[in-house]
Amino acid sequence: MQQFRTVFLSDVHLGTAGCQAAQLLSFLRQVEADRYYLIGDIVDGWRLRKAWYWPQEHNDVVQKLLRKVRKGAEVKYVAGNHDEFLRSYLGSHFGGIEICDRQVHETADGRRFLVIHGDQFDVVVRHAKWLAYFGDWAYVFALWANTWLNKVRRQFGFPYWSLSNWAKLKVKNAVNFIGEFEVSLASEAREHGLDGVICGHIHHAVIAERAGIQYCNTGDWVESCTAIVETQKGNLELIRWADENAGEDDRTILLPADGKSGSGRMRKAA
């Protein structure tokens, strides 16, 4: 069991076939924290409006989070664009989980971070929502294609490879969008006199410096299976949970090596 001060998760997309609920369950079973931030798109309202999809593992994730609340953990749910229906309930509590639009988190070493999903700084979501819906469809298609592509790759002994991540990092416009998004969030934190920002939305996990501010993106639980954690000393670290080779009886966790953010080593979970 790994013990942290705070755990930050986003973009789980419960209610979709692409959600890696089994991986998230294994993560939640082996990680404990005093506080959890669910930073948007935990439930995918866009998909659930079109077709109901809610297998038992998705329900198990919800029950696991509620169980952590009952055991004394503080859980805050920061609404995103796929679960924007929750923005009608800001300040409400469901099962002890507080719904909010943004938060300011203070680390153990006194630094203050803006915690926000990030869709508010996505010009496509704000000004061309139809295009955001189209992009969501294209992303789902890419995940479907990626599944079959990796089945073929495994037959030939090749490791897992993410088509959508490759596209995001190779297509010039996508790279520019990620860079502009990161700088916009960092600037928002700086304007409020904060030391950094922790967000989600673009499914691109990283801890880096942007515009003189520490920028942290939690990634997602559709492809990368990543989270950001705060240690008891206040350090922020990126955890990359094991890929498809980590089964229920053989779970592994990628922990930061030598305290350096973004790098890690595989360690067998107890």
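Applying the selection to region 91-137, what residues are at pLDDT below 95 and of a type in the set (A, V, I, L, M)?
Within region 91-137, Val123, Val124, Val125, Ala128, Leu131, Ala132 qualify.
Specify the residue that is surrounded by the fewest Cβ atoms within 10 Å (Cβ to Cβ); the eligible residues are those in region 185-226 that are among the charged types (D, E, K, R) and over 16 Å from the mean Cα position of the chain (by Cα).
Glu191
What about Tyr77, is it surrounded by 14 or more Cβ atoms within 10 Å (Cβ to Cβ) and touching a Cys at 6+ places or on another chain (Cβ under 8 Å)? Full working, then the answer.
Details: surrounded by 14 or more Cβ atoms within 10 Å (Cβ to Cβ): yes; touching a Cys at 6+ places or on another chain (Cβ under 8 Å): yes.
Against the criterion (surrounded by 14 or more Cβ atoms within 10 Å (Cβ to Cβ) and touching a Cys at 6+ places or on another chain (Cβ under 8 Å)), Tyr77 qualifies.
List the number of the failed condition for Asp243; all other conditions in (1) modelled with pLDDT under 95; (2) buried (at least 18 other Cβ atoms within 10 Å of the Cβ) hold.
Going through the list (1) modelled with pLDDT under 95; (2) buried (at least 18 other Cβ atoms within 10 Å of the Cβ), Asp243 breaks only (2).
Let's see how each residue does on (1) closer than 12 Å to His117 by Cα; (2) buried (at least 24 other Cβ atoms within 10 Å of the Cβ); (3) at pLDDT 95 or above:
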{"site": "Gln20", "(1), (2), (3)": "no, no, no"}
{"site": "Phe27", "(1), (2), (3)": "no, yes, yes"}
{"site": "Arg35", "(1), (2), (3)": "no, no, yes"}
{"site": "Val43", "(1), (2), (3)": "no, yes, yes"}
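Across region 204-236, what is the total count of residues that are acidic (Asp, Glu) and either in a strand (DSSP E or B) or in contact with a Pro (Cβ under 9 Å, 6 or more places away or on another chain) (or both)?
Going through region 204-236 one residue at a time, the tally reaches 2.
Kindly check whether there is at least one residue in region 102-114 that is surrounded by 15 or more Cβ atoms within 10 Å (Cβ to Cβ), over 23 Å from Gln232 (Cβ atoms), in contact (Cβ under 8 Å) with a residue 12 or more places away in the chain and basic (Lys, Arg).
Among the residues of region 102-114, at least one is surrounded by 15 or more Cβ atoms within 10 Å (Cβ to Cβ), over 23 Å from Gln232 (Cβ atoms), in contact (Cβ under 8 Å) with a residue 12 or more places away in the chain and basic (Lys, Arg), which makes the answer yes.
Do the conditions hold for Leu38, that is, is it under 24 Å from His192 (Cα atoms) and touching a Phe, Trp or Tyr at 6+ places or on another chain (Cβ under 7 Å)? It would help to see each step written out before you state the result.
On the way: under 24 Å from His192 (Cα atoms): yes; touching a Phe, Trp or Tyr at 6+ places or on another chain (Cβ under 7 Å): yes.
Taking the combined requirement at face value, the residue satisfies it.
Can you pull out every residue in region 87-121 that is out of contact with any Gly (no Cβ under 7 Å at 6 or more places or on another chain) and part of a loop (DSSP other than H, G, I, E, B)?
Leu90, Gly91, Ser92, Gly95, Gly96, Asp101, Arg102, Gly110, Ile116, listed by residue number.
The values are calculated or read from the model by the stated rules, or taken from the named source; none is laboratory data. What you see is a predicted model, and the numbers here were worked out from it, not measured in a lab. We place every Cβ from the backbone using ideal geometry, glycine too, and count neighbours over all the protein chains shown.
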